[in-house]
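The values are calculated or read from the model by the stated rules, or taken from the named source; none is laboratory data. As the structure is a computational prediction, the values presented were derived from the model and not from experiment. FYI the Cβ positions are ideal-geometry reconstructions off the backbone, even for glycines, and counts take in every protein chain you see.
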Amino acid sequence: MSTAGEAATPSASTPTRSDVDAEEAAQASSARERGGGGRTSTYRTLEEQGNLSPAEERFERGRRSAGLFAGPVLALLVYLLTGALEGPQRTLAAVLTLVLVYWITEAIPIPVTAVLGLALAILLGVAPANDVFGAFASSTIFLFIGGFIIAEAMMTHGLDRRFAFRVLALPGVAASTYRTIIAFGAIAVLLSAFISNTAATAMLFPIALGVVGALSGLVAQQSAGDVDASRLRFSTALMLMVAYGASVGGLLTPIGSPPNLIGREFIEKETDARLPFFTWVLNAAPIVLLMFVALCVILIALNRPETNRISGAADYVTEQRAQLGRMSRGERNTLFAFAVAVTLWILPGVVGLVVGDDSTTYKEVQGRLNEGVVAILAAGLLFLLPTDWQRRRFTLTWNEAVRIDWGTILLFGSGIALGGLLSSTGLAERLGTSLSQSLGVDSLFPITILAVVVAILISETTSNTASVGIVVPIVIPIALASGVNPVIPALAAVFGASYGFMLPVSTPPNAIVYGSGMVPITKMVRSGVVFDIIGAVLIVLGVSVMARLTGLA
């Protein structure tokens with residue numbers, strides 16, 4: 001009879017199931033590292049990036065050095081030129097200038113820039129410390145933490161690779177980098193129509209990481225020249241498609257994104273218009289479809305994968321799926337926790353479809369099943385579900401859990417705080433009102449353009465929800481004072497608030513995929529500018545046409 005101590009120590013010749021699980025996890029981790037699919041930091045030094053050409057290294061060094069000095073100079077210039085603003089507004093404008101310059105040039109680590117901006121805002125008297133740092137209590141931050149922990153468990157046990165190979169096994173997908181990118185975009189659009197953009201991205205993120213790990217090695221091998229698998233344009237395009245697809249798909253239904261519900265409530269309260277579920281979908285569907293087509297074409301053009309056809313991909317996927325074998329205990333536990341999260345994320349949307357999103361039942365379910373709460377509950381299961389009860393081993397250890405990208409969490413929390421300061425100081429409202437007055441807009445089309453542009457610009461530096469809360473209450477009185485129907489510009493502003501594509505802090509989906517380390521901020525800014533412009537055009541034209549066809553105007 002063995003003692004408790006002996007039971008806890010298996011013999012060297014007889015591997016236990018937990019040993020097999022550990023070996024599988026190590027193999028999966030090693031494969032991801034070889035393929036470049038592992039999650040890296042939100043910021044890497046030039047030495048950590050590696051494989052930069054001399055020209056690329058000179059550009060990166062020059063960009064960061066120039067930004068280091070340009071940030072304070074431009075911040076001081078903004079402060080001197082904005083004397084008409086109130087004290088806190090003027091100071092905040094200068095601080096935001098410094099932060100944006102440092103973010104875009106990566107003069108110092110981006111998460112450090114974010115928290116430095118908060119410290120400066122407090123030090124210079126924009127707002128008290130408790131008010132500023134209180135933004136980190138946002139439920140979105142806990143959704144990030146829970147979602148990242150679930151993703152870490154998937155990567156630890158290799159479930160991300162199993163999901164990835166299942167997606168790649170769809171007919172024709174694996175053989176083409178283009179079709180792989182488009183397939184993930186379509187999934188993101190459809191998911192985010194019924195759950196939040198953030199939850200949809202959190203679901204797809206680890207699977208997309210698995211796809212990168214599975215295919216990046218093949219793409220790098222079949223590319224001309226020596227390509228670092230971790231810096232592939234294919235990886236960048238796939239990650240951006242997941243984030244942008246989720247943001248676009250969130251427009252399709254009223255329950256697809258919180259700004260939709262808030263904006264609709266503003267519109268119905270201040271006007272005689274009614275926007276039931278079906279009417280909303282009719283208005284949004286053409287815009288979402290056209291924007292998705294634009295995403296597929298332009299995102300691939302701006303981040304053209306190193307190769308289109310991947311020779312041997314189908315055979316490789318079949319071989320890898322066979323090698324995966326049956327699910328380990330760790331995979332099954334992680335899948336259960338993931339399924340719980342997905343089910344509870346989707347449930348409010350299902351309730352809204354059945355009983356209506358105006359019902360008390362829907363509001364009660366939505367309030368209790370907050371996405372952050374769901375993410376933390378699902379992540380907590382990973383520390384309760386055992387892989388080896390006799391040895392008290394559970395699905396995830398704390399040391400494994402803390403490997404998540406805390407830099408992205410700091411970055412987005414700071415973004416929420418800075419966005420809150422834009423609203424609380426009145427700087428955002430002041431900018432919107434001043435812009436409308438200086439441009440002298442007084443007819444429907446210019447007011448609609450103004451509403452969309454201001455909504456997009458504000459959403460780039462603050463949350464989409466805050467953007468809606470700022471722009472819609474401004475644009476409705478402007479439209480009424482000009483004698484035009486306020487529904488079109490107000491609805492256009494709601495849609496525009498979801499189109500923050502330029503910066504990691506613009507939307508939670510952007511921040512999540514930026515945390516992969518595969519999306520250089522310069523590429524996000526470049527792609528984001530293009531899609532902001534295209535999105536603005538499609539929103540203005542789409543809402544103007546569809547509102548008339550559906551009888552809203």
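Here is a yes/no grid of residues against (1) of a type outside the set (Lys, Arg); (2) modelled with pLDDT of 90 or more; (3) touching a Pro at 6+ places or on another chain (Cβ under 9 Å):
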residue	(1), (2), (3)
Gln320	yes, no, no
Phe336	yes, yes, no
Val340	yes, yes, no
Gly372	yes, no, no
Arg393	no, yes, yes
Criterion violated by Gly367 - all others in (1) surrounded by 15 or more Cβ atoms within 10 Å (Cβ to Cβ); (2) of a type outside the set (Lys, Arg); (3) within 24 Å of Pro509 (Cβ to Cβ) satisfied | (1)
Looking at Ala417, Ala379, which is the one that is out of contact with any Asp or Glu (no Cβ under 6 Å at 6 or more places or on another chain) and closer than 21 Å to Leu191 by Cβ?
-> Ala379
Of the criteria (1) closer than 30 Å to Phe184 by Cβ; (2) aliphatic (A, V, I, L, M); (3) crowded, with 24+ Cβ neighbours inside 10 Å, which one Leu100 fails = (3)
Does any residue in the range 400-427 that is within 15 Å of Ile122 (Cα to Cα) come within less than 8 Å, Cβ to Cβ, of a residue that is among the acidic types (Asp, Glu) and part of a loop (DSSP other than H, G, I, E, B) six or more places away or on a different chain, and which pairs are these?
-> Thr425/Glu86
Tell me, which helices (runs of 4 or more DSSP H) wholly within the range 238-337 include 2 or more residues that are under 26 Å from the mean Cα position of the chain (by Cα), among the aliphatic types (A, V, I, L, M) and under 21 Å from Ile195 (Cβ atoms)?
-> 258-270, 277-302
Hey, can you tell me all the residues within the range 413-424 that are surrounded by 24 or more Cβ atoms within 10 Å (Cβ to Cβ) and at pLDDT below 75?
-> Gly419
Kindly indicate whether any position in the range 375-387 is part of a helix (DSSP H, G or I), at pLDDT below 80 and closer than 19 Å to Pro508 by Cα.
-> no
The helices (runs of 4 or more DSSP H) lying wholly within the range 450-518 that contain at least 1 residues that are surrounded by fewer than 24 Cβ atoms within 10 Å (Cβ to Cβ) and on the phi < 0 side of the Ramachandran plot are 464-481, 487-496
Given the conditions (1) outside any helix (DSSP H, G or I); (2) surrounded by fewer than 17 Cβ atoms within 10 Å (Cβ to Cβ), report the number of the one that Ala174 does not fulfil.
-> (2)
Please note which helices (runs of 4 or more DSSP H) are completely contained in the range 66-149 and include at least 2 residues that are without any contact (Cβ under 8 Å) to a residue 24 or more places away in the chain, within 25 Å of the chain's Cα centre (by Cα) and closer than 30 Å to Val342 by Cβ.
-> none
Apart from one, (1) modelled with pLDDT of 80 or more; (2) crowded, with 23+ Cβ neighbours inside 10 Å; (3) more than 15 Å from the chain's Cα centre (by Cα) all hold for Ala214; the odd one out is (1)
Subset tally (residues that are surrounded by fewer than 18 Cβ atoms within 10 Å (Cβ to Cβ) and at pLDDT 80 or above) for the range 297-312 = 5
Is one or more of the residues making up the range 159-177 modelled with pLDDT of 85 or more, of a type outside the set (S, T, N, Q) and within 23 Å of Gly372 (Cβ to Cβ)?
-> no
Taking the range 185-199 as the region of interest, how many residues are in a helix (DSSP H, G or I), touching a residue at least 60 places away in the same chain (Cβ under 8 Å) and touching a Gly at 6+ places or on another chain (Cβ under 7 Å)?
-> 5
How many of the residues making up the range 388-413 are among the polar types (S, T, N, Q), assigned to a loop (DSSP other than H, G, I, E, B) and in contact with a Ser or Thr (Cβ under 7 Å, 6 or more places away or on another chain)?
-> 1
Could you give every pair whose Cβ atoms fall below 6 Å, whose first residue belongs to the range 272-292 and is touching a residue at least 12 places away in the same chain (Cβ under 8 Å) and surrounded by fewer than 21 Cβ atoms within 10 Å (Cβ to Cβ), and whose second residue is assigned to a helix (DSSP H, G or I) and among the small types (Gly, Ala, Ser), counting only separations of at least 6 or pairs across chains?
-> Pro286/Gly542
